[in-house]
Amino acid sequence: MMRRASLVVGAVLVGLVLMVSLVGLVWTPYDPARVVPGDRLLSPSATHWLGTDAFGIDILSRIMAGARSVLLVGVFAVGIAALVGVPLGIVAGMNSGWLGRVVVRATDVLYAFPAVLLAILFAGALGSSTTTAMLAIGIATIPVFTRIARAGVLQVMSQDFITASRVSGIGWLRIAWRHVLPNIAPLIGVQASVSFALAILAEAALSYLGLATPPEVPTWGRMLYDAQRHLLNDPHLAIAPAVAIAGAVLGFNLLGDGLRDLLDPRLKEVAE
Amino acid sequence: MAQFSLDRRSLLLGAAAIGALASLSACTGDQGRSPNGGGSATSDGSGPRTTLVVGATAEPDTLDIANNAKAAVPQLLLYNVLETLVKIDSEGTLKPLLASAWSLSDDRLTYSFTLRNNIRFSSGAEVTAEAVVQSLEHHRASAANAADLEVVEAVETPEPGVVQLTLSRPSNFLLYNLAGRAGTILDPESLSSIATEPKGSGAYTVGAWQRGSSIELPRNENYWGNQPKFGTVTFRYFPDPQALTSAMLAGDIDIISDVTAPESLPQFSDTETYTVIEGTTNGEVVLGFNHSSEPLKNLKVRQAINHAIDRQGLIDTVWAGKGTLIGSMVPPTDPWFEDLSQTYPYDPAVATQLLSESGVTNITLRLRVPALPYAPSAARVVASQLKEVGITVQVEELDFTTWIEQVYTQANYDMTIVAHVEPRDLVNWANPQYYWRYDNPEFQALVVEADEAPEAEMVDKLKQAGKVLADDAVADFLFLFPNLVVCKADLSGVNVNATTLSFDVTTIASRNG
Amino acid sequence: MPRVVLGRLLTLVLSLAGASVLIFLVVQALPGDLAQVMLGERATPAQIEALRERLGLNRPWVVRYLDWVGDMVRGDLGTSALSGLRVTDLVAGPIRVTGWLVLWSTLGSILVALPLGMWSALRRRHWDGFAVNALSQFGMAVPAFLAGILLVLVVAVRWGWLPANGYVPLARDPGEWARHLVLPVVSLVLVQGALLVRYVRSAFVEVLTEDHITTARSVGWTKLAALWRHGMRQAGLSLVTVLGLQVASLFVGAIVVENVFVLPGLGSMVLRAVVQRDFIVVQSVVMLLVVAVLVVNTVVDLLQAVLDPRIRAKEQR
């Protein structure tokens, strides 16, 4: 039952983030970029449900507009990681020769570079921007996907139908595409959800360190960073982005957990 | 660029700017605290105060005052560790320090300084005229200070205890420069270790430096003047404004030398515990235009931008309403200040009108700003308000080093925002190579005349120069940084105005001392 | 066996070589000029050029790379151009700061996570087990820096119990050293511990459903005793593996926490050196961190090879 709860709560939270970002795309209560000095630091009220920030911008509007940036960060970071990491993992899993080994070792080297370290270097080299942050998070996440994919492939490869395909002379690329990928896809999906949550957190951390400066529409991480100067006098500035980040991270984590439990028969608990 | 002696490349930029915002404020540390300031807020007044912990934002990269141009170096060393022949006080007036008297020849080309008797470096060695000459020669050949001493042709000691400077042309600014970083007198013995252990004749010496955290200044036991008031003064550095505020509220530090989170000031309203000082600085926050950028060559466009920005609203938003409207590159503490802040009142309608008169359409401008506490916020306000009048602004945040390279050195930008914190920095507008790329012969002539003219005429010339900058809408002078200092209530003697780059702790005293 | 060790060591050396090239190239790509940074805005182009020459920045990059690697092999991390100090001296303090931080928060995380994780595994079908699980989910969802800032505001600013930030070396004042480390360690434990609770929980859940535990229970052992006897070792092994894997992510947490609490550790040192364009410092410190992670990985690998006969057999095949 609790497993189901994870899945449901996770799906609802993720759905909420998606919905907010879609609505934010076409409509927000106020212009999320228009500075109104006269309206600064208003407390929550009927006109501004979550109040306004130091620029006089409606916080709800910023949260709605920022949801898109947050999703973009997640999609790109996880996308880079999965698109590069999964094929590498498949190669490493299917090839037991030197190629596979080199991939495994290269992954280990990359694993030694945490996202923050990469982000610091990238921000210096390419200028600090949300794009750099996404790139750094994505690259740092590649090894995670490589490892997961490789582990999955090793399991799949030991099964009879693969051996049969190999014997019948089908090329490895085709085996990978036809049999391996579909079999490890659920595993990748679970990891993607968890990595998505981590990417949101990482972006917030990078924003805090000043390594992910905002595009047109700032992410929640940047909002939180901007709000910290006002924590003592106007804590309402921090509450909305903090809750939004925590909610989204929680959502993606729970969704990942729920999916894993659903897919992994080993974790199915023995009925008592 | 050698055409004017004034077109030195002396500006002081943002990071530096922030360091320099410090003027003097005094505060005290509690007795019995570790020198690092650990301790709870409850230990107030348990005995005489022997330490002072100053919280600042920008840590020096090195202590080489001759070759590192960052304002963090003089903030720490000037007047505290290294002394000068003459000193600028909180009111902006020149006072004797190592020199007891000085005179200027009738042709205004020779300065003679008479040294005080019996002045000593912290090593115990006497401060001789030879030592002074050696230091000044060192600065003249240095990267950071040579420009300040450009008019100096020779430094000699015609008789013991007298230092004589010969100038290539009269200069009103030289004496002020000698009161700053370019006039610091170092122990000749320490010139070789100037980057880590500079030694001077000041009330404090350089002690332990925990990089990334703090620098200790123990008292100079051989000080020639009045006994220093604290055993140790510690400068602690906080890159994060929130951390600085927290440290003050928790009682870990005694002074915030430069408040970079003015939103936090209400937290210090309890006058029993804290004193909040508000003065002025030399830090003009400038929305700089690149005059080689096509749309910005047009005077009407520049004026339109000036009309389109609500500067008071910007101060309210960016710096919690603290700061002064200026309208030109002159702070109110300069004798040649004129209130030009109403030259271009906020009026979007006029801005739109001017834009259509200008004939320039579809303006898109890159606003590239350094990632310093004020610039990105100010950029958001500017971008939003220019959008209202139909100018598209693309904001880019650069780390300070990249900013120096791309914007400052290569002038690869349309607009930028940075604080210019050096005294008398309006002369930078006379340098056509400067990153603004502003080339106005009329202005250049005014500045040279002002420097060479007898002092009375100088003020008038500089007034005219300031007016030219405003009329020509060379930039949008957003506001003047306030000097915001918070210190514990037992401290006094903190300088109200930041007239130099020094955070002078020598004037500070504690009631509990 | 010696072949396995030799193979692993060879891989380590190759990995380190690869990492060093990677680091060097990224650092070279940093825009901005060290000489310009050092001399500042007021220096003339001639002065900057002279300094570049003196610092050896004008030499071809291959020469500079080989120089750097050659020095490192001899245990010399180079000399910071900006401060003129040796990097080995510069990192001595920061290594201790980050080391203490990581050490205490790892111990703290284990102390928190082991009992909580076990509890939540044992009681996974009860409300309290569920609550622990839910709590760890929330813990994982809070950004570390936010937790740190809130701790400072409440414990240091509001209550005045502890210093808000800063660091005092152990040798200087052990009491103050401890007081300054409490809040940073707690905020790291909050985040790291939450993650660890979940690993411990799933490790124990797995153990609990295995046959020998069921057997042990059927012969009358209590659940806890069974878990203690049989589960601990197995769960302990996976815990060690997880901790090994977390070396890198712990540093991530540390760098943020160092920033919140103004601790002069390795993280803030790298951040500062990048801004200052002190290339040698960036290269060497990043390399140091990467070496640490890779060496730990290799040791874990070797241990597994020694402990797990299956891997050993496979390697020798």
For this session: Answer yes or no: is there a residue in the stretch B:324-337 that is without any contact (Cβ under 8 Å) to a residue 40 or more places away in the chain, more than 14 Å from chain A (Cβ to nearest Cβ), under 27 Å from B:Asp460 (Cα atoms) and out of contact with any strand residue (DSSP E or B) (no Cβ under 6 Å at 6 or more places or on another chain).
Result: no
For this session: For B:Asp107, work out the one condition from (1) in contact with a strand residue (DSSP E or B) (Cβ under 6 Å, 6 or more places away or on another chain); (2) open to solvent by 30 Å² or more (accessible area, probe 1.4 Å); (3) part of a loop (DSSP other than H, G, I, E, B); (4) not aromatic (Phe, Trp, Tyr) it doesn't fulfil.
Result: (1)
Exercise. Restricting attention to the stretch C:88-109, and to residues there that are of a type in the set (S, T, N, Q) and farther than 24 Å from C:Tyr199 by Cα, which single residue is most open to solvent (accessible area, probe 1.4 Å)?
Worked result: C:Thr88
Problem set entry | Check on C:Gly148, open to solvent by less than 70 Å² (accessible area, probe 1.4 Å) and away from chain B (no Cβ under 11 Å) | no
Seminar exercise, completed: Of the candidates B:Phe230, B:Phe235, the one satisfying the condition of being open to solvent by less than 10 Å² (accessible area, probe 1.4 Å) and modelled with pLDDT under 95 is B:Phe230
For this session: State whether one or more residues within the stretch B:25-36 are touching a helix residue (DSSP H, G or I) at 6+ places or on another chain (Cβ under 6 Å) and either modelled with pLDDT under 95 or farther than 28 Å from C:Ser83 by Cβ (or both).
Result: yes
Problem set entry | Filter pass, B:Phe113 being aromatic (Phe, Trp, Tyr) and closer than 21 Å to B:Gly200 by Cβ | yes
Seminar exercise, completed: Over the stretch B:216-271, the set of residues within 12 Å of another protein chain (Cβ to nearest Cβ) and over 19 Å from B:Ala489 (Cα atoms) is B:Glu216, B:Arg236, B:Tyr237, B:Phe238, B:Pro239, B:Asp240, B:Pro241, B:Gln242, B:Ala243, B:Thr260, B:Ala261, B:Glu263
Problem set entry | Selected residue (only one of C:Pro143, C:Pro169, C:Pro163 is surrounded by fewer than 20 Cβ atoms within 10 Å (Cβ to Cβ), in contact with a Gly (Cβ under 8 Å, 6 or more places away or on another chain) and either among the hydroxyl-bearing types (Ser, Thr, Tyr) or within 10 Å of another protein chain (Cβ to nearest Cβ) (or both)) | C:Pro169
Exercise. Filter the stretch B:121-155 for residues that are part of a helix (DSSP H, G or I), out of contact with any Lys or Arg (no Cβ under 9 Å at 6 or more places or on another chain) and of a type outside the set (Gly, Ala, Ser); which is farthest from B:Leu501 (Cα to Cα)?
Worked result: B:Glu130
Problem set entry | Members of the stretch B:466-513 that are touching a helix residue (DSSP H, G or I) at 6+ places or on another chain (Cβ under 6 Å), farther than 23 Å from B:Asn80 by Cα and either among the aromatic types (Phe, Trp, Tyr) or without any contact (Cβ under 8 Å) to a residue 60 or more places away in the chain (or both) | B:Val468, B:Phe479
Exercise. Can you tell me which residues in the stretch B:450-503 are of a type in the set (Gly, Ala, Ser) and assigned to a loop (DSSP other than H, G, I, E, B)?
Worked result: B:Ala453, B:Ala473, B:Ala489, B:Gly493, B:Ala498, B:Ser502
Problem set entry | Selection count where residues are modelled with pLDDT of 85 or more and within 14 Å of the chain's Cα centre (by Cα), scope the stretch C:240-266 | 5
For this session: Within the stretch B:299-311, track down each residue that is within 14 Å of chain A (Cβ to nearest Cβ), over 23 Å from the mean Cα position of the chain (by Cα) and either assigned to a helix (DSSP H, G or I) or not aliphatic (A, V, I, L, M) (or both).
Result: B:Ala308, B:Asp310
Seminar exercise, completed: Looking across the stretch B:338-363 at residues that are outside any helix (DSSP H, G or I) and open to solvent by 70 Å² or more (accessible area, probe 1.4 Å), the single one that is nearest to A:Leu211 (Cα to Cα) is B:Asn362
Problem set entry | Test result for B:Thr409, within 21 Å of the chain's Cα centre (by Cα) and open to solvent by 40 Å² or more (accessible area, probe 1.4 Å) | yes
For this session: Using the structure shown, decide if B:Leu78 is more than 10 Å from chain C (Cβ to nearest Cβ), modelled with pLDDT of 80 or more, buried (at least 24 other Cβ atoms within 10 Å of the Cβ) and in contact with a Ser or Thr (Cβ under 9 Å, 6 or more places away or on another chain).
Result: yes
For this session: Kindly check whether there is at least one residue in the stretch C:201-211 that is at pLDDT below 90, outside any helix (DSSP H, G or I) and open to solvent by 50 Å² or more (accessible area, probe 1.4 Å).
Result: yes
Problem set entry | 1 or more residues under 23 Å from the mean Cα position of the chain (by Cα) and within 14 Å of chain B (Cβ to nearest Cβ): qualifying helices (runs of 4 or more DSSP H) within the stretch C:1-107 | C:2-28
For this session: Could you list all residues from the stretch C:5-53 that are among the small types (Gly, Ala, Ser), in contact (Cβ under 8 Å) with a residue 12 or more places away in the chain and closer than 20 Å to C:Leu82 by Cα?
Result: C:Gly32, C:Ala35
Problem set entry | Index of the failed condition, A:Val75 passing every other in (1) touching a helix residue (DSSP H, G or I) at 6+ places or on another chain (Cβ under 6 Å); (2) over 28 Å from B:Ala375 (Cβ atoms) | (1)
Exercise. Out of (1) modelled with pLDDT under 85; (2) within 11 Å of chain B (Cβ to nearest Cβ); (3) open to solvent by 20 Å² or more (accessible area, probe 1.4 Å), the odd one out for A:Val217 is which?
Worked result: (2)
Problem set entry | Residues satisfying the stated conditions in the stretch B:423-442, i.e. of a type in the set (S, T, N, Q) and within 30 Å of B:Ser90 (Cβ to Cβ) | B:Asn428, B:Asn431
Seminar exercise, completed: Selection over the stretch B:197-214 where residues are within 12 Å of chain C (Cβ to nearest Cβ) and either under 21 Å from C:Val168 (Cα atoms) or without any contact (Cβ under 8 Å) to a residue 24 or more places away in the chain (or both) yields a count of 7
For this session: Test C:Ser136 against the stated conditions and say whether it is crowded, with 16+ Cβ neighbours inside 10 Å, assigned to a helix (DSSP H, G or I) and among the hydroxyl-bearing types (Ser, Thr, Tyr).
Result: yes
For this session: For residues that are modelled with pLDDT under 95 and of a type in the set (S, T, N, Q), scanning just the stretch B:202-213, find the one that is surrounded by the fewest Cβ atoms within 10 Å (Cβ to Cβ).
Result: B:Gln210
Exercise. In the stretch A:34-57, which residue that is within 9 Å of chain B (Cβ to nearest Cβ) and either charged (D, E, K, R) or not in a loop (DSSP other than H, G, I, E, B) (or both) is farthest from A:Asn233 (Cα to Cα)?
Worked result: A:Arg34
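The values are calculated or read from the model by the stated rules, or taken from the named source; none is laboratory data. Bear in mind the structure is a predicted one, so any value in this text is a computation, not a measurement. Ideal geometry is used to build each Cβ from the backbone, glycine not excepted, and the neighbour counts take in all protein chains shown. Heads up: the accessible areas ignore ligands, DNA and RNA and are worked out on the full protein's heavy atoms, side chains in. Shrake-Rupley method; radii C 1.70, N 1.55, O 1.52, S 1.80 Å.
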